[in-house]
1. If you scan the range 16-38, which residues turn out to be within 12 Å of the chain's Cα centre (by Cα) and either without any contact (Cβ under 8 Å) to a residue 40 or more places away in the chain or surrounded by 14 or more Cβ atoms within 10 Å (Cβ to Cβ) (or both)?
2. Taking Cys13 as the residue in question, decide whether it is surrounded by fewer than 12 Cβ atoms within 10 Å (Cβ to Cβ) and either assigned to a loop (DSSP other than H, G, I, E, B) or touching a strand residue (DSSP E or B) at 6+ places or on another chain (Cβ under 7 Å) (or both).
3. Taking strands (runs of 3 or more DSSP E) that fall entirely within the range 52-103, which contain at least 3 residues that are touching a Leu at 6+ places or on another chain (Cβ under 8 Å)?
Amino acid sequence: MAEDNGIYKCEVCGNVVSVLEASGGELVCCGKPMALQEEKTAEQEGQEKHVPVIEKTDNGVRVKVGSIAHPMEEKHYIEQIQLLKDGEIIIEKRIRPNEKPVAEFCCTEAVEWLKARALCNIHGLWKN
């Protein structure tokens with residue numbers, strides 16, 4: 001069964017699905033169940049390139065992926081950055097290869113109430 005706010009990836013073709021609302025059933029692609037991308041954290045990383053960092057700005061919030069910038073190459077890049085409050089996605093940004101792994105959000109929430117997730121096309125989903 002799919003999970004609310006879950007991100008799923010087809011391990012055959014690489015399709016990615018972000019679930020807005022789960023109501024039963026299984027997500028299937030290429031004839032196989034899609035894999036839920038488990039949230040990884042700094043304790044699992046071993047390096048500084050995947051965990052999102054949230055900063056307050058004059059206009060809202062900036063999320064940078066990694067304390068050392070994540071590579072943004074054609075074969076290895078951050079696909080998406082999401083901002084969450086109370087476990088719910090409040091805004092997200094798609095990112096393409098050769099762009100910076102940074103998202104600027106107009107958000108008035110206090111930074112301490114926010115979490116961020118970043119999806120690496122190779123290493124999966126990371127949360128701060």
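No lab work stands behind these numbers, since they all come straight from the coordinates. A quick note: this is a predicted structure, and the numbers were derived from the prediction, not measured. Neighbour counts run over all protein chains shown; Cβ positions are idealised from the backbone, glycine included.
1. First, the residues of the range 16-38 that are within 12 Å of the chain's Cα centre (by Cα): 16-18, 37-38.
The answer is Val16, Val17, Ser18, Gln37.
2. Working: surrounded by fewer than 12 Cβ atoms within 10 Å (Cβ to Cβ): yes; either assigned to a loop (DSSP other than H, G, I, E, B) or touching a strand residue (DSSP E or B) at 6+ places or on another chain (Cβ under 7 Å) (or both): yes.
It is true that Cys13 is surrounded by fewer than 12 Cβ atoms within 10 Å (Cβ to Cβ) and either assigned to a loop (DSSP other than H, G, I, E, B) or touching a strand residue (DSSP E or B) at 6+ places or on another chain (Cβ under 7 Å) (or both).
3. Details: elements: 52-57, 60-65, 78-85, 88-94.
Output list reads 78-85, 88-94.
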